[in-house]
1. Would you say residue 500 is surrounded by 15 or more Cβ atoms within 10 Å (Cβ to Cβ), among the charged types (D, E, K, R) and part of a helix (DSSP H, G or I)?
2. Tell me which of these residue 151 doesn't satisfy, since it passes every other one: (1) open to solvent by 30 Å² or more (accessible area, probe 1.4 Å); (2) closer than 27 Å to residue 309 by Cα; (3) aromatic (Phe, Trp, Tyr).
3. Are there any pairs with C-beta distances below 8 angstrom linking a residue in segment 124-144 that is closer than 16 Å to residue 63 by Cα to a residue that is basic (Lys, Arg) and buried (at least 24 other Cβ atoms within 10 Å of the Cβ), with the two at least 6 apart or on different chains, and if so which?
4. I'd like the full set of residues that are assigned to a helix (DSSP H, G or I) and either at pLDDT below 95 or exposed (fewer than 15 other Cβ atoms within 10 Å of the Cβ) (or both), limited to segment 515-531.
5. Filter segment 413-463 down to residues that are outside any loop (DSSP other than H, G, I, E, B), among the β-branched types (Val, Ile, Thr) and touching a helix residue (DSSP H, G or I) at 6+ places or on another chain (Cβ under 8 Å), then give me how many there are.
6. Applying the selection to segment 421-432, what residues are surrounded by fewer than 23 Cβ atoms within 10 Å (Cβ to Cβ) and at pLDDT 90 or above?
7. Of the residues that make up segment 389-397, is at least one of a type in the set (Phe, Trp, Tyr) and open to solvent by less than 30 Å² (accessible area, probe 1.4 Å)?
8. Show the residue pairs that are 6+ apart or on different chains and have beta-carbon atoms under 9 Å apart, the first residue being within segment 395-411 and of a type in the set (Gly, Ala, Ser), the second being open to solvent by 30 Å² or more (accessible area, probe 1.4 Å) and not in a loop (DSSP other than H, G, I, E, B).
Amino acid sequence: MRKQMNGMMPVLGLLVFFLIGAPFVFAGGQQGVQQTAVSDSAANVNAPNVFPICKSPITLNLGIPQNSSPVENYDTNYYTLLLEEKGNLKLNFDIYPNGSPGTEKLMVMIAGGGVLPEVLVGFNFSEETMLQLGTEGVAIPLNSYYDKWAYEIPRQLEKVSNKDMWNWLHSADGNIYYVPYIQESIGEFYSLRGWMNQQWLANLGLNMPTTTDEFRTVLEAFRDKDPNKNGIKDEIPSAGNTDQRGRIYDFLINAFIYNDTRDRLTVDNSGKVDVIYNKPAYRDALRYINGLMNDGLMLDTIFTINGGQLRSVIEQKDVSTVGFFCAGLAGALAPNNVMRYEYTPMTPLKGPQGVQWTPYMPMGPSTRWVITKDCKNPEAAFRLGDYQCGEYASTWARYGRPDIDHRLARPGEKSSVEGFTPTVAEILPWGSSQNSHWYTSGPSILFLGLTDGQVASDNPLNNELWVSKAVPLYRDKAPPQANRVDRTLFTPQESDQIMDLRNTINGYVNENLAAFVMGQKSIERDWDSYVAELNRIGLSRYLDLTQSGYDRAIGKK
């Protein structure tokens, strides 16, 4: 096994950056399904929906990345205490660094054959990586556990809007290797959003920009006219970060050509799959963004900082210093920061050819609870994951303690997103430093309407209020489903090829996107060689495989 796992290491950086959380899944099917033997510990586990989970106390060791939003102490966290009580167990935490460094540390442990945490929580492996960890024996198959021990998961899956979600849980070999995190939310479906400093606009007598030309004009005024009125040239006209929903360059590309932000795929009216990153419109987008960067209209660390680091930039002074930023949720500002009063959502920009898209981000299942080969009590671990997928635990995992951090909706209250039935009212603001939950790092099933039904707050600093203001500006501004690649289904024979090609090509595309924007390469002189290299490293084969996976996903013969 060690030799095979070492084969993962050359592509590790790309694997982490481009594939984590990818929504593409393999074809289900039951060939090669492994039936895991019942462990000796099964006799200590009560039947489904009987509590506590364990008849006699056990200890369960979890590996979890530190959340970018502050969790004060996992050991004393109230959600931890809930799970320990329901399970009759003690949870021990091995805390990994947040993001890519934590995943890289884990992968090095796996490659070296070291003893792993019994459960990997919140690592969000891509489906290809999950299949590899399963077939290598790192993650145990859970099919028989779902058959015997699942109670909450099948009941909650009946409530999700994606009625094919059960198939999405399966890897290419027919096995299920994790307990999922699923959140269906209109706000998440359209979550690459821009936030404009309306106070700066007012200070300078400017209107909200609606086109790329108007946006540039506003940023130039932000740069030159002291919009924060502190007499110091400290303004950053625009900013973004490397998080999927914070990439300002992805936001701006959608004013030139539809950019789904994952693999940058499109489908024409004949059903042919193609990529955007070798097209003239994409080149025009790079010219535009490079112009903003060259003229000091954009933060020059947009390719290196994450969402938490962007928050530090925005909040570094008592007076606002950033005019516009991208963030999916309002996490770029702390929930109690009055600077939020200054910002309002901005509609997707219209480009010079009239293009005005926003990416649609379908929410597939995430691998938030992976039981490893070193788990001594796998049945108990599975039942604990299954419990977390119930509505009570899922609501706690998102909002915190009932009647303390959230409460049920009351008659006459309205939901934050129009058209949904009110469900819960937030008391503990999302993004706060807290000790009530794990910021949904573990498994949950939040079906469509649960979070969209959050009670509308009269607190202008409320996170969901921010999101609810933005949703109408972005909802339904993606191309029709027939022109998007929302899902692909690959056979086991195709999976290794597509993973290698996707890693290589996406890595090359993103490397050159940064080089073109930052001026390290010339969009005029180096474009042709860039396209030629795309072809050389396998773009044609990648498109052939993607076409097969797309046709299979939509049922095309």
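1. On the way: surrounded by 15 or more Cβ atoms within 10 Å (Cβ to Cβ): yes; among the charged types (D, E, K, R): yes; part of a helix (DSSP H, G or I): yes.
Taking the combined requirement at face value, the residue satisfies it.
2. (2)
3. Note: pairs meeting the criteria are 124/368.
4. Start the filter on segment 515-531 by keeping residues that are assigned to a helix (DSSP H, G or I), which leaves 515-518, 527-531.
Result: 528, 529.
5. Result for segment 413-463: 2.
6. Scanning segment 421-432 gives 421, 422, 423, 424, 425, 427, 428.
7. yes
8. From residues that are of a type in the set (Gly, Ala, Ser), the pairs are 400/78; 400/426.
The values are calculated or read from the model by the stated rules, or taken from the named source; none is laboratory data. Source: prediction; values computed, not measured. Every residue, glycine among them, receives a Cβ derived from its backbone with ideal geometry; neighbour counts consider all protein chains shown. The protein model used for the area step is the full one, side chains on, heavy atoms only, and it has no ligands, DNA or RNA in it. Shrake-Rupley method; radii C 1.70, N 1.55, O 1.52, S 1.80 Å.
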